[in-house]
1. Compute the FRET efficiency between residue 87 and residue 44 as 1/(1 + (r/R0)^6), taking r as their Cβ-Cβ distance and R0 = 22 Å, and round to the nearest 0.05.
2. Would you mind computing the Rg to Rh ratio of region 28-133 from its alpha-carbon coordinates, Kirkwood style for Rh?
3. Based only on Cα atoms, what mean projected area does the convex hull of region 61-122 have, in nm²?
């Protein structure tokens with residue numbers, strides 16, 4: 001009787017023949033480095049933008065903007081990682097991460113925020129650890145209905161007194 005040995009090989013998911021450095025699901029939607037796309041992108045899972053995109057992005061999972069990516073879009077997702085340039089507003093219900101190569105130019109509303117050393121953000125960030133409210137905060141300016149007029153009294157200028165004082169010495 002012969003014995004047969006069985007070896008188990010572990011195969012790691014890869015993209016374009018290389019290892020998956022971002023750790024995303026192999027079924028994640030990817031806009032490749034040399035690709036450009038504009039419009040509305042709705043992802044039912046994870047995705048990564050490695051090229052150019054303009055428009056609007058909605059993701060139900062992890063969205064990664066790669067280091068060489070240029071995105072001009074409003075982004076809404078659960079977890080958003082910015083490693084490239086994003087111009088637009090971001091809503092991340094769970095977490096927004098700006099890596100050391102990331103740059104966000106726009107406002108952000110997040111559940112949690114991580115900014116690595118070297119990461120850049122221009123805009124307003126609102127962190128809601130208890131959960132992002134459904135409605136945006138209202139900006140109400142309360143103004144009184146009547147104008148108040150205050151009469152100004154003329155005040156004598158002290159300059160004349162100083163000149164007269166110093167004039168006696170010079």
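Every number here is computed from the coordinates shown, using simple stated rules; none is lab data. The structure presented is a predicted model; accordingly, all values stated were derived computationally and were not measured. Positions of Cβ are generated from backbone atoms using ideal geometry, with glycine treated the same way; all protein chains shown enter the neighbour counts.
1. That pair, residue 87 with residue 44, gives E of 0.30.
2. 0.93
3. On the way: hull surface 13.0 nm².
Value for region 61-122: 3.2 nm².
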